[in-house]
Amino acid sequence: MAREIASVIFETSLRALTTDRCSRCRRTPLVGEVVHVLESGHQVCTLCVGRSPARHGEPVSSKRVRASERPLAVVARAA
């Protein structure tokens, strides 16, 4: 049973690594960077958006890479 759980966790982490990679340079953007989605569906980082071929089209949307699935809560600290 432990081996099954380990394989599920491993497969999930591999999918997470390949989800938001840049289609051009294959780099995983850091937390806080912006990933642009082109008309062709390719996702490119901010560094590659200007260098992407014209056949992939213009950016349709952009999204910021988050640290987790949910936005982090910012709480004021007591002085």
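Every residue in region 1-26 that is surrounded by 13 or more Cβ atoms within 10 Å (Cβ to Cβ), at pLDDT 75 or above and either farther than 19 Å from SER52 by Cα or within 10 Å of the chain's Cα centre (by Cα) (or both), please.
Across region 1-26, the qualifying residues are ARG21, CYS22.
Take the residues of region 43-58 that are modelled with pLDDT under 85 and not in a loop (DSSP other than H, G, I, E, B): which is surrounded by the fewest Cβ atoms within 10 Å (Cβ to Cβ)?
ALA54
How many residues are modelled with pLDDT of 85 or more and surrounded by 13 or more Cβ atoms within 10 Å (Cβ to Cβ) if we restrict to region 28-39?
Adding up the residues that qualify gives 6.
The values are calculated or read from the model by the stated rules, or taken from the named source; none is laboratory data. Everything numeric in this text was worked out from a predicted model, so none of it was measured. Here the Cβ is made from the backbone with ideal geometry for all residues, glycine too, and neighbour counts use every protein chain on show.
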